[in-house]
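The values are calculated or read from the model by the stated rules, or taken from the named source; none is laboratory data. These numbers come from a predicted model, not from an experiment. Here the Cβ positions follow ideal geometry from the backbone for every residue, glycine too, while neighbour counts run over all protein chains shown. Heavy atoms of the whole protein, side chains included, go into the accessibility calculation; ligands, DNA and RNA do not. Shrake-Rupley method; radii C 1.70, N 1.55, O 1.52, S 1.80 Å.
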Amino acid sequence: MLAYLPRPADSSRYGTFPRKPDLPAAPGALVEDGGQQAAATAAKRSAPMPNYPSAPRRGGFVPGEPSLPPSRGSLTAQHHRGRPSWCPPPAPQEPGARLYPLHALSVANLPNSSRGKSSARSSTAPTPEGLQSRRCKLLEEDSPMAQAGKRQRQRYVTKVGKCQVNLGNIQDKKRFLSDIFTTIVDLKYRWFLFVFMMCYIVTWVVFGFIYFFDAWLRGDVGHQGDPEWRACIENVDGFVSALLLSVESQRTIGYGTRMVTANCAEGVILLMAQSIVGSMIDAMMVGCMFVKISRPKKRAQTLIFSKNCVISRRDEKLCLMFRVGDLRESHMVDAKIRAKLIKSRQTAEGEFIPLEQSELNLGYDTGEDRLFLVEPQIICHVINRHSPFWDMSAESLRREQFEIIIILEGILCLATGMTCQARTSYTEDEILWGYRFEPCMSLEKGAFQVDYSRFEMTFEVQTPAASAKELQELKELEQQEHSTLSLYWDHLVQPCVL
């Protein structure tokens with residue numbers, strides 16, 4: 001029930017994280033430790049900040065002073081969440097890493113490889129600092145926050161479109177029997193073939209037993225070979241021969257050695273009843289088999305989605321984008337695409353809503369959600385005031401837990417009218433901030449050529465790390481300052497003109 005809840009920004013309020021232990025220190029090493037701590041603090045303050053997409057934080061942390069609660073854009077509180085206070089600071093980045101100043105508003109984002117949990121291990125011998133850092137890393141992995149994240153994280157829909165929802169404790173099972181056709185079609189193939197065979201075998205055995213019982217009551221079994229005996233069912237001397245008569249009658253094989261004569265009325269009625277029941281079973285089972293084989297589930301495997309979503313600017317607007325393509329040359333008719341945001345939240349009254357579904361606008365008001373899916377297309381969701389990502393920045397994106405469900409559906413053929421639906425999902429770890437998809441189409445020999453080997457490729461672009469709300473507020477502030485300066489300039493120029 002706690003899945004997809006946003007990670008808390010201030011972990012000190014929960015009281016479940018390890019606190020600073022009281023470590024005894026040697027009397028002779030107090031002066032040296034104090035000097036080393038002061039030097040490390042000075043080096044930490046003067047070191048350039050790595051490329052984290054977060055807002056700048058003015059001021060620093062002074063040991064011995066009461067610490068304020070971390071703000072929304074606090075880098076230290078977010079990056080070192082759950083780290084014990086006696087652990088050493090993280091190791092500096094590699095010499096080739098890109099560094100940016102704190103005052104920059106538009107910063108380049110972390111590459112995709114930086115989303116991993118740890119970097120490559122060094123081949124050198126471990127130093128005492130390395131052992132202590134490894135010990136702190138183990139403590140971080142064993143922290144309640146990390147363990148809770150590993151236990152609670154569960155996809156709502158897999159990448160191939162399978163819903164990870166199991167229905168249980170259904171009391172009224174008779175509802176499934178009322179819609180027996182859909183129930184049989186929805187069965188797996190092994191159970192469907194089992195039901196298919198049992199329908200015929202059971203009817204053959206039941207009518208074979210009735211034929212044998214009727215022949216035994218009338219004495220046809222005991223008068224085999226008697227030319228003067230007027231048998232109701234000829235050449236039935238046991239249950240196996242009666243079963244063969246049942247199979248021959250229902251499947252209209254008719255070898256001619258066993259048959260129902262006109263000497264009894266019940267034999268004719270049994271033959272008529274078996275013919276009607278056999279026709280009903282043929283109609284239902286053949287119909288179920290045809291529908292199950294022709295269902296367009298496998299067609300969705302040729303509808304592909306990009307592995308990652310990207311967030312970048314398009315037409316001076318922050319947009320969430322992903323790519324979709326069709327591998328077949330027989331295109332879908334009236335293809336439509338939708339997106340749902342799955343996220344748990346807690347209302348102002350304290351009610352917990354698990355896996356709440358909210359709609360993401362993919363161009364429903366402008367008709368852009370209806371696709372002519374001939375070539376791969378990039379689907380765009382503009383992050384505006386009505387978007388759930390309106391106040392989400394690059395830093396807060398890493399703290400959130402949500403899932404985006406993409407649903408693509410359309411008609412396969414106008415003659416049959418069958419509808420196909422393909423689904424996929426994206427979690428917050430599969431969203432790349434500050435990236436854009438590479439083009440995969442080119443003009444060759446008078447036709448457009450699609451290169452699906454570049455379908456997943458992205459490249460990094462300069463994108464602000466702030467949220468769309470903050471960018472809009474900054475833009476409005478700049479417009480207000482520009483208008484104020486214009487009025488002030490006009491006020492200064494007006495007396496000179498007069």
*In whole angstrom, and with the biggest value first, how far do the Cα coordinates of segment 299-470 range along each principal axis?*
57, 39, 27
*Mean separation of Cα contacts under 8 Å (6+ apart) over length of segment 186-294, as relative contact order %*: 26
*Rank-order 329-338, 444-453 by packing density, defined as the average count of other C-beta atoms within 10 Å over each peptide's residues, highest first.*
329-338, 444-453
_15 Å beta-carbon shell around P376, net charge (K/R +1, D/E -1)_ = -1
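Which of the peptides 348-360, 233-245 is most tightly packed, and how do the rest follow, going by the mean number of other Cβ atoms within 10 Å of each residue?
Result, highest mean first: 233-245, 348-360.
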*Give the peptides 286-296, 315-325, 267-277, 171-181 in descending order of average Cβ contacts within 10 Å, highest first.*
315-325, 267-277, 286-296, 171-181
*Under 12 Å from a label point 7 Å along Cα→Cβ of I281: give me every residue in segment 201-222 with its amide N that close.*
201-209
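Determine the share of segment 299-470's accessible area contributed by carbon and sulfur atoms, expressed in whole percent, with a 1.4 angstrom probe. Walk me through the numbers before you get to the answer.
Working: 4240 of 8650 Å².
Answer for segment 299-470 is 49 percent, counting heavy atoms of protein chains only.
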*Output the pairs from K188/K297; K173/K340; K298/K340; K188/K336; K162/K297; K159/K340 with a Cα-Cα distance over 19 Å in this structure; if there are none, say none.*
K173/K340; K298/K340; K188/K336
*asked:* So if the hydrodynamic radius of segment 186-294 is defined as the Kirkwood radius over C-alpha pairs, what does Stokes-Einstein give as its diffusion coefficient at 20 °C and 1.002 mPa s, in µm² per second?
replied: 142
*What whole-number value in Å² describes the accessible area per residue of segment 299-470 for a 1.4 Å probe?*
50
*asked:* List the chymotrypsin sites (Phe, Trp or Tyr not before Pro) within segment 360-429 that DSSP assigns to loop and that have no more than 12 neighbouring Cβ atoms inside 10 Å.
replied: F372
